[in-house]
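The block underneath contains the structure these notes are about, expressed in structure tokens.
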Amino acid sequence: MAHAYTPGLKVSNREVVRKTRRLPIKGEVTVEVGDMVQPHDVVAKTEIPGDPVSVNISQLLTVEPYELPDVVTVKEGETVEKGQVIARKISFFGLFKSEQMSPVDGTVEMISDVSGQMVLREPPTPLDVEAYVEGIVRRVLPEEGVVVETAGAFIQGIFGIGGERRGAIKVVASSPDERIEPSALDASCEGKIVVVGSVATAGILRRAEEVGVVGLVSGGIVDADLIDYLGYDIGVAITGHEDIPLTLIITEGFGPMRIADKTFELLQELEGQEASLNGATQIRAGVMRPEIISPDASMLEQLRDAPEDVDTEDEDESGGLGVGTPIRIIRDPYFGALAEVTGLPPELQVVESETRVRVLNARLADGTEVMVPRANVEIIEG
Amino acid sequence: MSTEGVTKIPKDQIQTIVATDCGSTTTKAILIEKRDGEYRLIVRGEAPTTVEAPFEDVTMGVRNAVTEVEELSGKTLLAPEGVIRPRASDEKGADVYLSTSSAGGGLQMMVAGVVKTMTAESAERAALGAGAIVMDAISVDDGRLPHQKISRIRQLRPDMILLSGGVDGGTIAHVSQIAELIAAADPRPRLGIGFQLPVIFAGNKDARGHVRDTLGESLDLRLVDNIRPVLEEEVLEPAREEIHNLFMEHVMAQAPGYNKLMGWTDAPIMPTPGAVGLGIQNVAKQYKMEVLGVDIGGATTDVFSVFAGTFNRTVSANLGMSYSICNVLLETGLDSISRWLPMSVSEEALRSRIRNKMIRPTTIPHSLEELVVEQALAREALRLAFEHHKTLATGLKGIRQARDMGDTFDQKVSGATLVNMMTLGMILGSGGVLSHAPRRVQSALMMLDAFQPEGVTRLAVDSIFMMPQLGVLATVHPEASAQVFDRDCLVCLGSSIAPVPQEGIRMENLRDSTPVKVTLTMPDGTERVETLGFGEIRLIPLEEGSVAQAHVEPGRRWDVGEGTGRAMDVEVEGGIVGLIIDARGRPVFLEKEEADRRKQIRNWIEALDIYPMDALMKYIEEGRAV
């Protein structure tokens, strides 16, 4: 039923996670239910039809569209090579000749004597979908893909950029609120997922790129640094397809932000462990948050023996708010503060903005008692 | 829209109506009943929408929302097979059940035509009016190369395509070219891997054969009447009706649980914005005035208008108050937002604040400072969405207009916007930031700043966003829809009187002018004279349901609708807020110097009692960075 609060981000060292790996168009699934897969194993493949290229013969050879059959030198379905003559116009009893060559390798898909254009199609390109995480194939979606189940540490961030990557975790920051210098990243960070502390600056991002870091994890990022690094501004929160050589995950929000202790401690525990990460974020219906998944060998063993129908979706409903629930406040004036719920008054209350809302009472880490709208907190998930 | 399948109960026997709107995040249910001969809203309920995983069945959310209605009304409305019909008794079942939907991303379309400003634009208007988000409009002359168009079509994955082009009897070459590009791109539908994408052809009739040969095999092709049978005429209804049919057959049928929901309803499920559009058109008819409606959501802002009898809708898909809030910042710039703030702003902190709202969209303003910033952003989102609307709500472009001698000095270009702020009768706002502002006067000022109405205009908000349900209800029972709209949906804020300076005059030169003098005969017969200097705004209490007679005398170089310097007599409607006389100029004159402007904004806030001044002054005096 209705939650009056934001479901928290998962940060857990023992979590079963299912990932659906789907082709964009129909194809072939190359694994079976029960198969153990590695992140780079291909689980489904297909061929994306080549790009169509339209050539306006009528315009190029100055003929009427209905004259096309007289000038084209190829047939529909025929294979052509780049530079091959595909249409020829001869005028003045053979004195003048103009030709049109194929701009690409491909096949002739259509010759239209109505519009005067010819459509050539380039050869198809193969597309493979990889498992992304180490795990077991739980379900096959015929001709479409699979559901891979894995188990281990699972950390959700609040926002990210960059797509799926993999590497070992390396914590460079000595504390969750440290602001490191770009020079702290050296050759030892190559191929790693590096935890940099409270803020990832444009300088850190560039340095990370130089030394070959695959993933960066920080508490926050300053908006201007994000724009500086990407070279453009992100208007709508749908990310994951940026053309950048690394993936960035921020765990708390925009601005310099201390990484939540629990997240930082878990990352420290995972030092040296292999993990998959994905910065893709989508904040609309069907929320998608960036994630770090580091499978655990013994949990994977258990998964292999687990019955198939155990429902272990990662979108489990959370337990809800109660007195004693640990929360994080996610809007000013207490933005970023950790607290514990001390009361849940049922009546609507008026807050400073004069908005009448459902609120909760909470004790901040320094002992102060505050009242905040329930919509402005998230549960710290276990 | 077709009303086939609608309940056979005679209209006058309809007592109980249940209607739901399945939004992208929330499903809202309302119960309407006829009591003492009048249809009234009885209760409403809401629950999270359940289209997405892990539920993947829209009817669960509908059940939850209707269950809340049951609990609040004490009635039994649900059975395992849906909303109970026919009504068994006053306490059990309903006579009619209807629904609208925008869940799962709503209806997303691509449109195509031959000429960008003609058939492609008509296709865009047809799609928008039917309630779609137009992902792209492709045309022969849109400046893109054929391969760019093809790759764009491949990339889009719309729910359906509307293809137009050519007048009946004209050349078929160009529209055929576009059809061939679509065929080459082999576009895929957004939902349902392996399903054929629906394409509606509404172009030159003579091209049907070729279009059928080109697209008929690989796509689900539908043929309807040309939307531009001749250049001078636009016929959008057949295309819109087919869009609604396909929305039911394809889009809804692919979305989780909708097959079940379609079996429950007495009329086809409508796309939410399509239903709101119908609602707005009914308002224009009911009140006999030009109407501007706006719905500002988290992701998108829809603008609807009826000017000179023509209905238009636009959707700004990336202007909203949460998911798309950073796009508002991107499009308008930080300065445009901070110009509405009474306090100074630190750019970095403000940027972070806006981004944090984007990534945590469900949070609400706790501090006053947060509310002030959010309402400044809303002004800009509304303004941008309205600018977009003006460019599409136009007369037909590229046509010759018959002129006589009288038109010689009135050289209107074809395709001029239909939007006329002086003749506009009512602005109706909805969406959280307008409907739920802590003080109603805040909504009024946000709308005045964003739309800048001229002359005399009524201001209203939709109390709980019932327009979708009332829109679809209007297709079945227009009287019930109109009665509920008037009594329970519309919250009258009041009216505004805004004089406009004579064209071509620099506003700096008007500083010492008196834009307007208003002599009001109040409902109790007392007289009240209000004279405003340039830059002033004033609130006159005038209760909801009451009317004052106003004699409005504009200053020498000002106009209130009768021409420069000409007085007029008009009735002004009251409301929860009252009558606002706005002499700030059009466009609203803002001081150039930052300190002066902040003081100016503070004066307006104080004059209208927009925010609690003591709390606001705390932020201003502390000089806190926002």
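The values are calculated or read from the model by the stated rules, or taken from the named source; none is laboratory data. Note that the structure is a prediction, hence the values are computed from the model and not measured. Glycine also receives a Cβ, built like all others from the backbone with ideal geometry; neighbour counts cover every protein chain displayed.
Report, ordered by the first and then the second residue, all pairs with beta carbons closer than 7 Å, sequence separation of six or more or different chains, a first member in the range B:10-37 that is within 15 Å of B:Val58 (Cβ to Cβ), and a second member that is of a type in the set (Lys, Arg) and part of a strand (DSSP E or B).
Close Cβ pairs (under 7 Å, with a partner that is of a type in the set (Lys, Arg) and part of a strand (DSSP E or B)) amount to B:Thr20/B:Lys28; B:Asp21/B:Lys28; B:Lys28/B:Arg44; B:Ala29/B:Arg44.
Can you give me the number of residues within the range B:37-60 that are of a type outside the set (A, V, I, L, M) and over 29 Å from B:Asp486 (Cβ atoms)?
Going through the range B:37-60 one residue at a time, the tally reaches 8.
So which pairs qualify, if the first residue must be in the range B:140-156 and closer than 14 Å to B:Ile178 by Cβ, the second must be surrounded by fewer than 16 Cβ atoms within 10 Å (Cβ to Cβ) and of a type outside the set (S, T, N, Q), the Cβ gap must be under 9 Å, and the two must be at least 6 apart or on different chains?
Listed pairs, sorted by first residue: B:Arg152/B:Arg144.
Among the residues of the range A:235-260, what is the count of those that are part of a loop (DSSP other than H, G, I, E, B) and closer than 19 Å to A:Asp332 by Cβ?
5
If you take just the strands (runs of 3 or more DSSP E) that sit entirely in the range A:96-208, which of them hold at least 2 residues that are more than 14 Å from chain B (Cβ to nearest Cβ)?
Passing ranges, in order: A:96-101, A:125-130, A:135-141, A:145-156, A:164-171, A:192-199.
Could you list, in sequence order, all residues of the range A:71-104 that are crowded, with 18+ Cβ neighbours inside 10 Å and in contact with a Gly (Cβ under 9 Å, 6 or more places away or on another chain)?
A:Val80, A:Ser102, A:Val104
Does B:Leu616 fit the bill of being within 14 Å of chain A (Cβ to nearest Cβ) and in contact with a helix residue (DSSP H, G or I) (Cβ under 8 Å, 6 or more places away or on another chain)?
Considered against the rule, which asks whether it is within 14 Å of chain A (Cβ to nearest Cβ) and in contact with a helix residue (DSSP H, G or I) (Cβ under 8 Å, 6 or more places away or on another chain), B:Leu616 comes out as yes.
If we scan the range B:595-602, do we find a residue that is in a loop (DSSP other than H, G, I, E, B) and not aromatic (Phe, Trp, Tyr)?
The answer is no; no qualifying residue exists.
Yes/no matrix, rows are residues, columns are (1) away from chain A (no Cβ under 14 Å); (2) at pLDDT 90 or above; (3) in contact with a Leu (Cβ under 7 Å, 6 or more places away or on another chain); (4) on the phi < 0 side of the Ramachandran plot:
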residue	(1), (2), (3), (4)
B:Lys75	yes, yes, no, yes
B:Gly105	no, no, no, no
B:Gln108	no, no, no, yes
B:Met160	yes, yes, yes, yes
B:Ile172	no, yes, no, yes
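Please go through the range A:325-382 and pick out each residue that is within 14 Å of another protein chain (Cβ to nearest Cβ), farther than 17 Å from B:Leu371 by Cβ and not in a strand (DSSP E or B).
A:Gly336, A:Ala337, A:Arg374
So in the range A:212-229, with the set limited to residues that are on the phi < 0 side of the Ramachandran plot and surrounded by fewer than 17 Cβ atoms within 10 Å (Cβ to Cβ), which one is nearest to the other protein chains (Cβ to nearest Cβ)? Quick ask: steps written out before the conclusion?
Residues of the range A:212-229 that are on the phi < 0 side of the Ramachandran plot, as a first pass: A:213-229.
Pick out the ones that are also surrounded by fewer than 17 Cβ atoms within 10 Å (Cβ to Cβ) and you get A:224, A:227-228.
Values: A:Ala224: 7, A:Ile227: 9, A:Asp228: 12 Å.
Only one residue tops the list, namely A:Ala224.
Let me spell it out: the conditions are (1) in contact (Cβ under 8 Å) with a residue 60 or more places away in the chain; (2) not assigned by TED's automatic domain parsing to the domain that holds B:Ala173, and B:Glu121 meets all of them except one. Which number is the exception?
All conditions are met except number (2).
Pairs, please: C-beta under 7 Å, at least 6 apart or cross-chain, first residue closer than 15 Å to A:Gly167 by Cα and in the range A:178-194, second surrounded by fewer than 16 Cβ atoms within 10 Å (Cβ to Cβ) and not hydrophobic (A, V, I, L, M, F, W, C)?
Within 7 Å, the pairs are A:Glu190/A:Gly212; A:Gly191/A:Gly212.
Filter the range B:183-221 for residues that are among the hydrophobic types (A, V, I, L, M, F, W, C), over 31 Å from the mean Cα position of the chain (by Cα) and either more than 9 Å from every other protein chain (Cβ to nearest Cβ) or over 20 Å from B:Arg152 (Cα atoms) (or both) and give the result.
If we filter the range B:183-221 for residues that are among the hydrophobic types (A, V, I, L, M, F, W, C), which is where we start, we get B:183-185, B:191, B:193, B:195, B:197, B:199-202, B:207, B:211, B:215, B:219, B:221.
Now drop any that are not over 31 Å from the mean Cα position of the chain (by Cα), which leaves B:183-185, B:193, B:195, B:207, B:211, B:215, B:219.
Scanning the range B:183-221 gives B:Phe195, B:Ala207, B:Val211, B:Leu215, B:Leu219.
Tell me the helices (runs of 4 or more DSSP H) entirely within the range B:286-398 that contain at least 3 residues that are within 14 Å of another protein chain (Cβ to nearest Cβ) and under 22 Å from the mean Cα position of the chain (by Cα).
B:325-332, B:368-392
Would you check if there is a residue in the range B:203-216 being small (Gly, Ala, Ser), surrounded by fewer than 18 Cβ atoms within 10 Å (Cβ to Cβ) and out of contact with any strand residue (DSSP E or B) (no Cβ under 6 Å at 6 or more places or on another chain)?
Yes, because at least one residue in the range B:203-216 is small (Gly, Ala, Ser), surrounded by fewer than 18 Cβ atoms within 10 Å (Cβ to Cβ) and out of contact with any strand residue (DSSP E or B) (no Cβ under 6 Å at 6 or more places or on another chain).
One residue is enough: does the range B:444-458 have a residue meeting the conditions free of Cβ contacts under 8 Å to residues at least 60 places away in the same chain and in a strand (DSSP E or B)?
yes
Considering B:Glu571, B:Glu591, which residue is surrounded by fewer than 17 Cβ atoms within 10 Å (Cβ to Cβ) and in a loop (DSSP other than H, G, I, E, B)?
From the options B:Glu571, B:Glu591, the qualifying one is B:Glu591.
Which one is surrounded by the fewest Cβ atoms within 10 Å (Cβ to Cβ) among residues in the range A:46-70 that are under 17 Å from A:Pro103 (Cα atoms) and in contact with a Leu (Cβ under 8 Å, 6 or more places away or on another chain)?
Taking the candidates together, the pick is A:Val53.
Let me spell it out: the conditions are (1) farther than 23 Å from B:Arg240 by Cα; (2) more than 14 Å from every other protein chain (Cβ to nearest Cβ); (3) in contact with a strand residue (DSSP E or B) (Cβ under 9 Å, 6 or more places away or on another chain), and B:Pro146 meets all of them except one. Which number is the exception?
The one condition B:Pro146 does not meet is (2).
Assess whether B:Glu46 counts as being surrounded by 17 or more Cβ atoms within 10 Å (Cβ to Cβ), among the acidic types (Asp, Glu), more than 30 Å from A:Met288 (Cα to Cα) and without any contact (Cβ under 8 Å) to a residue 24 or more places away in the chain.
Criteria not met by B:Glu46.
Among the numbered criteria (1) of a type outside the set (A, V, I, L, M, F, W, C); (2) within 14 Å of chain A (Cβ to nearest Cβ); (3) touching a residue at least 60 places away in the same chain (Cβ under 8 Å); (4) touching a Gly at 6+ places or on another chain (Cβ under 6 Å), which one does B:Glu56 miss?
Tallying (1) of a type outside the set (A, V, I, L, M, F, W, C); (2) within 14 Å of chain A (Cβ to nearest Cβ); (3) touching a residue at least 60 places away in the same chain (Cβ under 8 Å); (4) touching a Gly at 6+ places or on another chain (Cβ under 6 Å), B:Glu56 fails exactly one: (4).
Take the residues of the range A:49-97 that are modelled with pLDDT of 90 or more and among the hydroxyl-bearing types (Ser, Thr, Tyr): which is farthest from B:Thr171 (Cα to Cα)?
So, considering only residues that are modelled with pLDDT of 90 or more and among the hydroxyl-bearing types (Ser, Thr, Tyr), the one farthest from B:Thr171 (Cα to Cα) is A:Thr79.
Does any residue of the range B:66-88 turn out to be farther than 28 Å from B:Ala130 by Cα, in a strand (DSSP E or B) and of a type in the set (Gly, Ala, Ser)?
Yes: one or more hits.
Is it true that A:Gln38 is modelled with pLDDT of 95 or more, among the polar types (S, T, N, Q) and under 21 Å from the mean Cα position of the chain (by Cα)?
Answer is yes for this residue.
Looking at A:Glu269, A:Glu252, can you tell me which residue is under 30 Å from B:Thr26 (Cβ atoms) and either within 14 Å of another protein chain (Cβ to nearest Cβ) or modelled with pLDDT of 90 or more (or both)?
A:Glu252
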